[in-house]
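The values are calculated or read from the model by the stated rules, or taken from the named source; none is laboratory data. Note that the structure is predicted; figures quoted are calculated from it, not measured. Glycine gets a Cβ as well: all are built from the backbone with ideal geometry, and neighbour counts include every protein chain shown. The accessibility values were calculated without ligands, DNA or RNA, using every heavy atom of the protein model including side chains. Shrake-Rupley method; radii C 1.70, N 1.55, O 1.52, S 1.80 Å.
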Amino acid sequence: MKKNILIVGGGGREHAIAWKLRRSAQVGKIYCAPGNAGTAEIAENVDISATDLDGIVDFVLKHSDIYMTVVAPDDPLALGLVDRLEAKGLRAFGPRSEAAVIEASKVFSKGLMKKYGIPTADYETFDDYEKAREYIETCKLPVVIKADGLALGKGVLICPTRREAFDGLKEIMEDKAFGNAGRRVVIEDVLTGFEVSVLAFTDGETVVPMVSSQDHKRALDGDKGLNTGGMGTFSPSLKYTPDMAAEAYESIFVPTVRAMKAENRTFKGVLYFGLMVCPDGIKVLEYNARFGDPETQVVLPRLKNDLFEIFEACIDGTLDKIKFMWSDEACVCVVAASGGYPLKYQKGIPIRIGDVGDCMLFHAGTAVSNGQLVTNGGRVIGVTAMGRNLAEARTKAYKGISNIYFDGMHYRRDICAL
């Protein structure tokens, strides 16, 4: 008997998860709360916000046909949606709030790494603005200032000068640019090297890294402009060698999962490792407690396994029984964004989609208004393509995005520039 699934969230990541689950012979109907215009094509959208925990729990209780709820975004995980569902005897994929804190609090995650010897940048934490300012007066530069809590991927400031560090600290702690997320800050050294993202499935005991990817965070070409949630990504990272993967597994991935268990915060779900490969070894930049966005859009197309079976194994503690298989093909995703993103942007702008070839379109900020596909967010559509290599996948993705248009649309021209 096929199993019905509810996916919580409404971005490109959730569309990619729905797209992959749709390919499982074991999955029946898929619901998305709230979903977007893309998920509406393969699932039934439900008009409930991802952070409306009461609404989501009530919906699942009233729909006894739902076998599993997949909680994809950071906020409902941190707020304890998985805890709430499990307390009602409902099956859910994702970490409980006690484990999701690894992303929800950078102060916690840095403390965890220090306690268990997991390599990361040297740092100090502050909950007092004046003391943080005093520290900046004498610390070495450049410096990174991070808001402690969740800030939509934007609460990290890299400050080359002391003046920029003072301004950044004020923006976070005094001006409350990220709300309560900035009540505490982490101030840490800047690491040099290259970045790589590795998502990993874990059932709390076994940890299985997925294929590597690299994300482009800045809004403009040449890594200029403001930090965004991600303007594009590609998989695999050509710089991340098998030896590096083995080092990260032994020194970071396994120790992190063991550390969380030792802290009585057993982590089940997807753990995202943002890594910096430095001259003196691999170090952790950040953890996320869920699938990354837009990394998911290039990693899941390369997964040959049934995603539903993996979710089952993560929940049941049987991940060691699954033999993972990955495509040798490369994958590139380029994000079409609204004009003005990541600052102010308009919604409700009509979208025209022409011939995109065999590209996959993972919708993020889209909706349907009076029968017309329109923009409904900052990141609008992720145009994703597979190829024999990154160059071929990149060519396909850019050819595809050239046939999409909406007023004010912009995208980076240098995603995966080789």
Choice from Ala37, Ala262, Ala177 with maximal GNM fluctuation in the chain (Cα, 10 Å cutoff): Ala262
Cα lying deepest toward the dipole's positive end in the chain, options His216, Trp326, Leu199, charges on Cβ: Trp326
Accessible area in square angstrom per residue, the range 12-91, 1.4 angstrom probe: 39
Given charges at Cβ of Lys, Arg, Asp, Glu: the range 228-375 dipole, positive-most of Ala248, His363, Leu373: Leu373
Pair Ala262, Glu41: separation of 7 Å Cα→Cβ label points (nm): 4.8
Theoretical ellipticity at 222 nm over the chain - DSSP helices of four or more residues, -39500 (n - 2.57) apiece, nearest 500: -7500 deg cm²/dmol
Accessible area of the range 306-401 belonging to carbon and sulfur atoms, whole % at 1.4 Å probe: 48
Asp127-Leu238 pseudo-label distance in nm [points 7 Å out on the Cα-to-Cβ vector]: 4.8
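Tell me the trypsin sites (Lys or Arg not before Pro) within the range 89-196 that lie in a loop according to DSSP and have at most 10 other beta-carbon atoms within 10 Å. It would help to have the intermediate numbers written out before the result.
Details: sites: Arg91, Arg96, Lys106, Lys110, Lys114, Lys115, Lys131, Arg133, Lys140, Lys146, Lys154, Arg162, Arg163, Lys170, Lys176, Arg183, Arg184; in loops: Arg91, Arg96, Lys140, Lys154, Lys176, Arg183, Arg184.
Hits after loop and neighbour filter: Lys140.
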Pair Arg218, Lys62: separation of 7 Å Cα→Cβ label points (nm): 4.8
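Given the pairs Lys110/Lys217; Lys88/Lys347; Lys88/Lys304; Lys114/Lys261; Lys217/Lys261, which span a C-alpha to C-alpha distance of over 27 angstrom in this model? Kindly include the intermediate steps, with their values, before the conclusion.
Values: Lys110/Lys217 22 Å; Lys88/Lys347 37 Å; Lys88/Lys304 33 Å; Lys114/Lys261 16 Å; Lys217/Lys261 31 Å.
Pairs exceeding the cut-off: Lys88/Lys347; Lys88/Lys304; Lys217/Lys261.
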Gaussian network model of the chain, springs between alpha carbon atoms under 10 Å - residue of Asp358, Asp293, Asp306 with greatest fluctuation: Asp358
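Given the pairs Lys146/Lys283; Lys106/Lys154; Lys146/Lys344; Lys131/Lys176; Lys224/Lys283, which span a C-alpha to C-alpha distance of over 19 angstrom in this model?
Working: Lys146/Lys283 17 Å; Lys106/Lys154 13 Å; Lys146/Lys344 22 Å; Lys131/Lys176 17 Å; Lys224/Lys283 24 Å.
With Cα atoms farther than 19 Å apart: Lys146/Lys344; Lys224/Lys283.
Just to verify a number: FRET efficiency for Asp320 and Lys2, C-beta to C-beta distance, R0 = 25 Å, to 0.05? Before the final figure, lay out each step's value.
Numbers: r = 26 Å, r/R0 = 1.04.
Calculated transfer efficiency: 0.45.
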Matching label, Kirkwood radius over Cα pairs in Å computed from the structure shown, candidates [x] 22.5; [y] 21.8; [z] 33.9: [y]
Extension gain from Asp358 to Thr395, taking 0.36 nm per residue of separation minus the Cα-Cα distance: 12.1 nm
Accessible surface of the range 168-217, 1.4 Å probe, proportion on carbon and sulfur as whole %: 42
Mean Cα-pair separation over length for the range 151-220, i.e. relative contact order, pairs under 8 Å, 6 or more apart, %: 18
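Express the relative contact order of the chain as a whole percentage, based on alpha carbon pairs under 8 Å and six or more residues apart in sequence.
Relative contact order comes out at 16 percent.
Relative to the Cα centre, what is the charge dipole magnitude of the chain, using +1 at the beta carbon of each Lys and Arg, -1 at the beta carbon of each Asp and Glu, and rounding to the nearest 20 debye? Each step should come with its number before you reach the end.
Details: 51 positive and 55 negative charges, 126 e Å.
That gives the chain a dipole magnitude of about 600 debye.
For the range 215-337, just say rounded, prolate or oblate: build the C-alpha gyration tensor, square-root its eigenvalues into a ≥ b ≥ c, call rounded for a/c under 1.5, and beyond that prolate if a/b exceeds b/c, oblate if not. Let's see the in-between values first.
Working: a/c = 1.65, a/b = 1.33, b/c = 1.24.
Prolate, since a/c reaches 1.5 and a/b exceeds b/c.
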Cut-off under 5 Å, modelled amide H: who pairs with Glu44 long-range: Ile30, Tyr31, Cys32
Distant-in-sequence amide H partners of Glu286 (H built 1.01 Å from N, under 5 Å): Gly274
Under Karplus coefficients 6.51, -1.76 and 1.60, residue-wise ³J(HN,Hα) of the range 39-44 in Hz, glycine/proline x: 5, 4, 7, 10, 8, 9
Potential extension, Asn180-Asp54 segment - 0.36 nm per residue separation minus Cα distance: 43.1 nm
Along each principal axis, Cα extent of the range 288-418, largest first, Å: 49, 32, 28
Where the range 243-360 is the region considered: accessible area per residue in Å², 1.4 Å probe: 42
Of Ser402, Ser338, Ser235, the one that fluctuates the most in a GNM where the chain has Cα springs shorter than 10 Å: Ser402
